[in-house]
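Below is one structure, written out as structure tokens, with a few remarks after it.
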Amino acid sequence: MKKYRNFDVAIYFVAAGTANTTRERLEEELSFFEKHMHLDRVYLEPFRGDTFASDEQVDMCKEVFEAHGIEVCGGITTTSHKPNGRSEDQRLFGTFCYNDKEMIDTLVKVSEFNGRHFDKWIIDDFYFTNCTCRKCREGRDSYNAEHGITDGSWEGYRQHLMREVSKKYMIAPSKKVNPDGRIIIKFPNWMESFQETGYDPAGQFPLFDDIYTGTETRDPIHHDQHLPRYLSFSLMRYFESLWPDHNLGGWFDPFDCQLLEYYLEQAYLTAFSKPKELMLFCFQALSDSINVPALGFMLDKLDALMSHMGDVVGIPCYIPNASQGEDNLQDYLGMMGCPIVTTPYFPENAERMLLTASSACDPDIVDKLERFIADGGKAVVTSGFVKATLERGLKRITSIRDGGRRVTLRDYMVENPRVWGRDFPHGRQDITIPVMEFRNNATWGAVCKGIKDEESYTILARDTYGKGEMLTLCVPDAFSELQHLPEAVLARIRKEFAAGGVWFEGAPMISTFIYDNNTFIVYPYADRHTEDTDILVHINGAQALENVTTGESIAPLYTTDGEAVFRLRARVGKFEGYRIVR
């Protein structure tokens, strides 16, 4: 029986467990999970790293889970520990070589096996290639020559290879034995690197029945990737936008989480994205772990909260397929309080949007941007976007030029939105930004500026164009340094990212999540340096706020020109939901 109203909860069961567990041990371990949470389904994996579970073991595991009312699906992880005796077969993480017959034969065998045993199965996110063996190099060179690629890059070849492998050696064998079976491809959390290793969401999703999203962000300091925690939300929205209603859920794990809050935050932000399912990786790593009772406790609270929330809305950030540039900048902005949703499609019908250097990978982006703002839209573009497009036509829209210099700042000037004047806040630490020069009175560069001795440098500049406008945001060299901007500067930036008429003044490291039924969530990140604080939330047309959990009614501090301002308490690691009374 379904327990949670707003999402299902699934757990992944790795091949070593499938191959080696006993009925008694499985019953004992399963009772631990059931004590703390409800599981709707399990993804039972027969193959990983050359471990291949037998039919008998798979059937036994299925029997146990199904006896507990848990739906059983399948899984596969395409890794191998066998070098096949060839020194050149070095492959990071033991991923397959898809020009190796033995490994292709294994892939076909496992795909057929899954088709026989499961009506639905998922591919873990090691389904990529980094092989540089002789056959792979020859394949790359042949593909590049045929397609006029002269830089020796791997991207095009590997994307082509993985599409062909998917069709011929995974989908076809499984569908042959189970035509109605559904195969799910999970896309990893490292979106900026997909094309280098063969992932191609736009080209792969039409081949599969459904997709899944990796939302593991882990500890921001100790893990070996660069994954801002907001990614657990934004990447889910990206894949929901890519293929609406076919993104089945978000998958996270407990690894490299030095604080319990880091593990739980992955669940919170995934849930805020309105997923169909939360996938816990994995049964073996979580068994007898404090993560399980803590998460089970919070799942009830998340389910209650999300019952009040409508569909997600936000400021779209356009990230084309197979793009790279200012990697994950949108997520750092999200953690500063800008409610950003990512999309692989140019959001031509939006009222406002964010464009980064990744957006500039679209060869037609300047023409699209020009039409958008000339017709009345507002676009916030980053300094990286400007640098990438100045020689591609952006000079039609702005007088900003790349000065080729850097400047380190701690003092600022901000336009005061209430009176004719300026605020002069002081930052907590130095930050370094690019110097973006502009022509006075052609571009207004004083929306926000940094001050250094007797000179100032734009941080947020405005250009009007046709019926609309473009704002250029100069971002620090280290994106995480955004948190060192003074609250007044952050508030002025947030105002340009208002979604649903909501923005706030206050500390960094606080996210807002906006929904289309006059509700929103405030979440301050748990961090070694954050603390409870008050924020001032500005909302157009609001009469009052209601806490959706407690029912408390909150009156505005004041209202100016139809914009009401509310004081809210933001408690570290605690999410709160509010309903706007208009």
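The values are calculated or read from the model by the stated rules, or taken from the named source; none is laboratory data. Bear in mind that the values here come from a model prediction, so they are computed numbers and not experimental data. Ideal geometry is used to build each Cβ from the backbone, glycine not excepted, and the neighbour counts take in all protein chains shown. Surface accessibility is based on the protein's heavy atoms, side chains included, excluding ligands, DNA and RNA. Shrake-Rupley method; radii C 1.70, N 1.55, O 1.52, S 1.80 Å.
Observations, loosely collected:
- Near pairs, Cβ below 6 angstrom, 6+ apart or cross-chain, from segment 386-415 (free of Cβ contacts under 8 Å to residues at least 40 places away in the same chain) to any residue that is assigned to a helix (DSSP H, G or I): 389/360; 389/366; 392/366; 393/366; 394/366; 402/387
- Among residues of segment 1-12 that are in a loop (DSSP other than H, G, I, E, B), those with a Cβ under 9 angstrom from a residue that is among the basic types (Lys, Arg) and crowded, with 16+ Cβ neighbours inside 10 Å, sequence gap 6+ or separate chain, pair up as 6/274; 7/274; 7/276.
- Qualifying residue in segment 123-144 (condition: in a loop (DSSP other than H, G, I, E, B), under 24 Å from residue 251 (Cβ atoms) and of a type in the set (D, E, K, R)): yes
- Condition broken by residue 77, with the remaining ones in (1) open to solvent by less than 10 Å² (accessible area, probe 1.4 Å); (2) in contact with a Ser or Thr (Cβ under 7 Å, 6 or more places away or on another chain); (3) within 24 Å of residue 132 (Cβ to Cβ); (4) modelled with pLDDT of 95 or more satisfied: (2)
- Any hit, segment 426-439, residues being surrounded by fewer than 19 Cβ atoms within 10 Å (Cβ to Cβ), charged (D, E, K, R), modelled with pLDDT under 95 and touching a helix residue (DSSP H, G or I) at 6+ places or on another chain (Cβ under 9 Å): yes
- Condition broken by residue 549, with the remaining ones in (1) of a type in the set (S, T, N, Q); (2) over 21 Å from residue 229 (Cα atoms); (3) open to solvent by 40 Å² or more (accessible area, probe 1.4 Å); (4) not in a loop (DSSP other than H, G, I, E, B) satisfied: (4)
- Sole exception among (1) over 19 Å from residue 354 (Cβ atoms); (2) surrounded by fewer than 21 Cβ atoms within 10 Å (Cβ to Cβ) for residue 462, by number: (1)
- If only residues of segment 358-392 that are among the small types (Gly, Ala, Ser) and open to solvent by 20 Å² or more (accessible area, probe 1.4 Å) are counted, the one that is farthest from residue 470 (Cα to Cα) is 388.
- Listed by first and then second residue, the pairs linking a residue in segment 479-506 that is closer than 14 Å to residue 426 by Cα to a residue that is surrounded by 19 or more Cβ atoms within 10 Å (Cβ to Cβ) and among the polar types (S, T, N, Q), with Cβ atoms under 9 Å apart and 6 or more places separating them unless they lie on different chains, are 490/483.
- Every condition in (1) open to solvent by 30 Å² or more (accessible area, probe 1.4 Å); (2) at negative phi; (3) over 13 Å from the mean Cα position of the chain (by Cα) holds for residue 256 except the one numbered (2).
- Filter result for residue 537 (in a strand (DSSP E or B) and of a type in the set (A, V, I, L, M, F, W, C)): yes
- Top-ranked residue of segment 233-263 - restricted to ones that are free of Cβ contacts under 8 Å to residues at least 40 places away in the same chain and polar (S, T, N, Q), ranked as nearest to residue 322 (Cα to Cα): 247
- Residue count for segment 324-370, restricted to those that are free of Cβ contacts under 8 Å to residues at least 60 places away in the same chain, assigned to a loop (DSSP other than H, G, I, E, B) and within 18 Å of residue 231 (Cβ to Cβ): 2
- Selected residue (criterion: farthest from residue 122 (Cα to Cα)) from residues of segment 13-34 that are touching a residue at least 60 places away in the same chain (Cβ under 8 Å), part of a helix (DSSP H, G or I) and not aromatic (Phe, Trp, Tyr): 29
- Hey, residue 114 of a type outside the set (Gly, Ala, Ser), open to solvent by less than 40 Å² (accessible area, probe 1.4 Å), within 29 Å of residue 246 (Cβ to Cβ) and in a loop (DSSP other than H, G, I, E, B) or not: no
- Selection from segment 240-253 of residues that are farther than 19 Å from residue 9 by Cα and open to solvent by less than 40 Å² (accessible area, probe 1.4 Å): 241, 242
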